[in-house]
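Notes follow the structure.
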2 protein chains.
Amino acid sequence: MTVETKLARFDEVDLDIGSRIAPVEVAYETYGTLNAARDNAILIVHAFTGDAHAAGICPEDGKPGWWDNMIGPGKAFDTNKYFMICSNVLGGCRGTTGPSSINPATGKPYALSFPGVTIADMVRLQQMLVRHLGIERLLAVAGGSMGGMQALEWAVMYPEMVASAIPIATTARHSAQQIAFNEVGRQAIMADLNWNNGDYYGGNPPARGLAVARMVGHITFMSDDSMKQKFGRRLRDKETFSFDFSVDFEVESYLRYRGSQFVNRFDANSYLYITKALDYFDLANGYGSLAKAFEKTQARFLVISFTSDWLYPSYQSLEVVSALRGLNKDVAYCELESNYGHDAFLVDIGAQTEVVRGFLASTYREVSHQ
Amino acid sequence: MTVETKLARFDEVDLDIGSRIAPVEVAYETYGTLNAARDNAILIVHAFTGDAHAAGICPEDGKPGWWDNMIGPGKAFDTNKYFMICSNVLGGCRGTTGPSSINPATGKPYALSFPGVTIADMVRLQQMLVRHLGIERLLAVAGGSMGGMQALEWAVMYPEMVASAIPIATTARHSAQQIAFNEVGRQAIMADLNWNNGDYYGGNPPARGLAVARMVGHITFMSDDSMKQKFGRRLRDKETFSFDFSVDFEVESYLRYRGSQFVNRFDANSYLYITKALDYFDLANGYGSLAKAFEKTQARFLVISFTSDWLYPSYQSLEVVSALRGLNKDVAYCELESNYGHDAFLVDIGAQTEVVRGFLASTYREVSHQ
């Protein structure tokens with residue numbers, strides 16, 4: 001299926017920081033058909049560098065969506081049954097208002113005058129979009145990594161609008177190590193002279209710094225074992241070591257390639273803003289504890305983690321599960337066996353498909369009989 | 001005890017790459033007294049960014065050596081019994097010839113005209129120093145991380161000179177993930193415009209890139225849990241989030257501080273050369289297998305790893321142990337419980353002290369009765 005990215009425009013969105021962005025645009029895609037009862041809508045929330053193009057084929061460049069293996073006819077998120085929505089996050093650079101957008105007050109890109117945003121702010125804007133589409137209650141909010149944080153935040157902020165939440169490979173709060181990896185990425189960008197305190201639009205972007213930041217990311221997305229299987233110590237197009245600082249190993253070539261590709265599709269300032277939103281994220285912020293935060297949720301939860309994911313390890317999912325169980329909430333937890341590290345929720349989708357499919361079907365039965 | 005760094009000078013050292021460095025200087029320190037039989041000498045081999053100052057107090061700056069908790073009277077490496085030697089590695093920047101040294105052919109620093117070096121080259125130069133000090137056979141070669149690689153290489157290259165080897169928190173070959181982390185550090189340095197293709201001596205060094213490289217390193221030295229205990233999500237000198245890109249969290253402050261301190265004591269080109277030596281390291285190079293490499297070793301081995309070390313995980317130590325056991329070599333293996341990650345061999349030395357002390361004593365009994 002080919003798909004189209006649409007834009008919704010709102011007068012303003014309020015921010016945790018106390019200010020607002022006005023106006024604000026949201027890029028989004030939809031797949032499948034909203035039924036007459038309007039009770040089959042599922043919101044997909046994307047990871048850090050994802051975008052609204054979650055499924056189908058983009059007519060311009062022919063590229064499949066980032067979760068196309070999970071969303072479509074007969075897939076885990078079955079578009080024959082459900083109406084799927086995915087939007088680019090606030091602060092992003094893939095159609096939704098972010099630091100690279102034009103600030104109407106100046107006629108120039110916001111750059112660092114863009115206000116700091118949080119996961120809750122992203123969710124607030126998504127809620128406006130969902131209402132705009134005429135939906136009162138979502139059958140599910142589902143996503144991995146930063147998407148999982150948004151799914152948790154949705155269940156907490158809008159309990160009456162969320163029948164179920166599927167947070168995958170995620171956490172209720174960023175740990176010191178997770179903050180540390182993000183800080184390295186930020187420092188790599190800010191060390192690039194082209195960054196110019198965020199004011200590089202119209203000139204050269206801080207491509208070298210951004211590429212280094214992305215390289216760090218890619219290491220954390222894979223497991224030690226999956227890197228061993230994919231690359232090992234194989235040399236790239238040579239028989240012996242170069243003894244200079246060109247590419248020797250396949251894994252170096254892969255990282256350099258991924259880094260250089262990334263700068264073509266991602267804005268360095270968005271990288272800064274979104275990593276800060278991740279680091280600030282603690283579901284207990286403003287509540288005092290995870291249990292207090294979850295107190296009013298009405299959603300059923302399906303929490304998924306992967307055995308080899310060391311970026312968002314299973315113990316963090318278990319903290320969510322424990323807090324929910326302590327409140328006697330409806331929560332299922334699956335730790336899925338996978339070798340793919342954090343990337344598993346994107347690439348190793350066999351078992352994930354089965355548990356999501358079953359969970360959605362039973363949630364839909366419950367919702368549609370209410 | 002105050003100590004003094006000495007310099008030894010040799011006409012040349014041969015390199016794996018096929019060329020040589022001539023002349024070559026080695027910075028080294030010694031602690032304790034060589035006995036009349038000359039059979040109580042232990043070589044300490046340092047980790048990546050270490051130096052010859054392993055123990056005692058430097059008279060200039062009052063700083064203790066990097067393994068001062070392990071080396072001294074009554075300590076694991078007891079200077080009342082043993083004569084300890086530690087030298088800075090070839091390619092380093094702490095007194096031994098490296099890329100920041102003057103190339104006698106040009107009168108200018110080598111920079112990138114410095115030849116590529118390997119762990120074996122470092123060991124070759126150390127062997128010249130040990131002979132120079134009048135020692136025919138070392139009671140032990142001991143070190144952690146890159147030091148452990150040198151200890152393994154010593155046992156393989158100079159079997160008749162090594163009575164025992166103590167490789168700690170190390171590996172017989174760098175994995176794809178280990179290469180990947182090093183490559184990120186190299187790319188961060190090379191992305192810094194001040195790097196100038198290595199030609200920055202006399203100008204501004206690539207301090208920002210080197211700091212980013214070091215920050216990545218520090219994350220890998222600690223465990224998720226030790227970062228949680230040391231920093232958690234504590235904010236630095238503030239009550240709420242800054243929503244700019246200044247320091248919010250303690251862990252950010254720590255990493256920035258460590259990064260900025262590092263550039264005062266380490267040369268960016270040495271960073272490049274030594275990380276390449278690490279990545280090239282595979283004890284099986286030139287032998288075909290680990291078993292073949294170990295075939296002629298005469299040393300007893302004490303292999304140590306730490307439970308929370310994810311940079312050099314225990315499975316890599318077990319590969320060494322398995323290869324040695326397969327050859328019926330004398331090998332003891334201790335996986336020590338620690339929360340400190342890779343840093344454990346430097347900071348969590350209680351159990352390490354006990355096993356090293358016992359191992360050295362029994363080795364010395366054997367050696368001195370031969």
Verdict on A:Ala213 being in contact (Cβ under 8 Å) with a residue 40 or more places away in the chain, within 14 Å of A:Thr49 (Cα to Cα), touching a helix residue (DSSP H, G or I) at 6+ places or on another chain (Cβ under 8 Å) and not assigned by TED's automatic domain parsing to the domain that holds A:Asn285: yes
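Could we say that A:Phe114 is within 14 Å of chain B (Cβ to nearest Cβ), crowded, with 18+ Cβ neighbours inside 10 Å and of a type outside the set (Gly, Ala, Ser) here? Don't jump to the end; show me each part of the working.
Values: within 14 Å of chain B (Cβ to nearest Cβ): yes; crowded, with 18+ Cβ neighbours inside 10 Å: yes; of a type outside the set (Gly, Ala, Ser): yes.
The answer is yes for A:Phe114.
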Among the candidates B:Ala37, B:Ala52, residue that is in contact with a helix residue (DSSP H, G or I) (Cβ under 9 Å, 6 or more places away or on another chain) and of a type outside the set (Lys, Arg): B:Ala37
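Across segment B:171-184, what is the total count of residues that are among the polar types (S, T, N, Q), at the interface with chain A (Cβ under 7 Å from one of its Cβ atoms) and assigned to a helix (DSSP H, G or I)? Write out each step before concluding.
Here is the first cut: in segment B:171-184, the ones among the polar types (S, T, N, Q) are B:171, B:175, B:177-178, B:182.
When the remaining residues are screened for being at the interface with chain A (Cβ under 7 Å from one of its Cβ atoms), the result is B:175, B:177.
Those still in the list that are assigned to a helix (DSSP H, G or I) too: B:177.
Going through segment B:171-184 one residue at a time, the tally reaches 1.
From the list B:Gly202, B:Gly185, B:Gly198, B:Gly134, which residue is closer than 30 Å to B:Tyr340 by Cα and either out of contact with any helix residue (DSSP H, G or I) (no Cβ under 7 Å at 6 or more places or on another chain) or not charged (D, E, K, R) (or both)? Write out each step before concluding.
Working: B:Gly202 fails: closer than 30 Å to B:Tyr340 by Cα; B:Gly198 fails: closer than 30 Å to B:Tyr340 by Cα; B:Gly134 fails: closer than 30 Å to B:Tyr340 by Cα.
Among B:Gly202, B:Gly185, B:Gly198, B:Gly134, only B:Gly185 is closer than 30 Å to B:Tyr340 by Cα and either out of contact with any helix residue (DSSP H, G or I) (no Cβ under 7 Å at 6 or more places or on another chain) or not charged (D, E, K, R) (or both).
Which residues, taken from segment B:100-111, are within 14 Å of another protein chain (Cβ to nearest Cβ) and either under 18 Å from the mean Cα position of the chain (by Cα) or not in a loop (DSSP other than H, G, I, E, B) (or both)? Can you show your working first?
Looking only at segment B:100-111, we keep the residues that are within 14 Å of another protein chain (Cβ to nearest Cβ), and these are B:110-111.
Scanning segment B:100-111 gives a single hit, B:Ala111.
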Residues being surrounded by fewer than 22 Cβ atoms within 10 Å (Cβ to Cβ) and in a loop (DSSP other than H, G, I, E, B) - total across segment A:312-339: 7
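Any chance segment A:80-88 includes a residue that's touching a residue at least 24 places away in the same chain (Cβ under 8 Å), assigned to a loop (DSSP other than H, G, I, E, B) and within 30 Å of A:Met215 (Cα to Cα)? Give the derivation first.
Start the filter on segment A:80-88 by keeping residues that are touching a residue at least 24 places away in the same chain (Cβ under 8 Å), which leaves A:80-88.
Narrowing the set further to residues that are assigned to a loop (DSSP other than H, G, I, E, B) leaves A:80-82, A:88.
Filter once more, so that each one left must be within 30 Å of A:Met215 (Cα to Cα): A:88.
Looking through segment A:80-88, at least one residue is touching a residue at least 24 places away in the same chain (Cβ under 8 Å), assigned to a loop (DSSP other than H, G, I, E, B) and within 30 Å of A:Met215 (Cα to Cα).
Report whether or not B:Ile119 is touching a strand residue (DSSP E or B) at 6+ places or on another chain (Cβ under 7 Å), in the same structural domain as B:Asp16 (by TED's automatic domain parsing) and β-branched (Val, Ile, Thr).
Working: touching a strand residue (DSSP E or B) at 6+ places or on another chain (Cβ under 7 Å): no; in the same structural domain as B:Asp16 (by TED's automatic domain parsing): yes; β-branched (Val, Ile, Thr): yes.
Considered against the rule, which asks whether it is touching a strand residue (DSSP E or B) at 6+ places or on another chain (Cβ under 7 Å), in the same structural domain as B:Asp16 (by TED's automatic domain parsing) and β-branched (Val, Ile, Thr), B:Ile119 comes out as no.
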Complete set of residues in segment B:251-298 that are surrounded by fewer than 19 Cβ atoms within 10 Å (Cβ to Cβ) and in contact with a strand residue (DSSP E or B) (Cβ under 9 Å, 6 or more places away or on another chain): B:Asp282, B:Ala284, B:Asn285, B:Gln298
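Just checking, how many residues over segment A:165-206 are acidic (Asp, Glu) and closer than 23 Å to B:Ile189 by Cβ?
The first filter runs over segment A:165-206 and keeps only residues acidic (Asp, Glu), leaving A:183, A:192, A:199.
With closer than 23 Å to B:Ile189 by Cβ added as a condition, the list becomes A:183, A:192.
The qualifying residues number 2.
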Residues that are hydroxyl-bearing (Ser, Thr, Tyr) and crowded, with 17+ Cβ neighbours inside 10 Å, drawn from segment A:344-370: A:Thr363, A:Tyr364
Whichever residue in segment A:185-213 is buried (at least 20 other Cβ atoms within 10 Å of the Cβ) and more than 10 Å from chain B (Cβ to nearest Cβ) and, among such residues, is nearest to B:Ser246 (Cα to Cα): A:Trp195
Helices (runs of 4 or more DSSP H) contained in segment B:235-309 and holding at least 1 residues within 30 Å of B:Ala323 (Cβ to Cβ), in contact (Cβ under 8 Å) with a residue 60 or more places away in the chain and within 10 Å of chain A (Cβ to nearest Cβ): B:268-280
Residue check for B:Asp225: farther than 21 Å from B:Asn264 by Cβ, more than 7 Å from chain A (Cβ to nearest Cβ) and among the acidic types (Asp, Glu): yes
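Would it be correct to say that A:Cys93 is in a loop (DSSP other than H, G, I, E, B), at pLDDT 95 or above and assigned by TED's automatic domain parsing to the domain that holds A:Phe359?
Numbers: in a loop (DSSP other than H, G, I, E, B): yes; at pLDDT 95 or above: yes; assigned by TED's automatic domain parsing to the domain that holds A:Phe359: yes.
Spelling it out, A:Cys93 is indeed in a loop (DSSP other than H, G, I, E, B), at pLDDT 95 or above and assigned by TED's automatic domain parsing to the domain that holds A:Phe359.
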Filtered residues of segment A:189-204 (kept if in contact with a Phe, Trp or Tyr (Cβ under 8 Å, 6 or more places away or on another chain) and not aliphatic (A, V, I, L, M)): A:Asn194
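The values are calculated or read from the model by the stated rules, or taken from the named source; none is laboratory data. This is a predicted model, so every value here is computed, not measured. All Cβ positions, glycine included, derive from the backbone under ideal geometry; neighbour counts span all protein chains shown.
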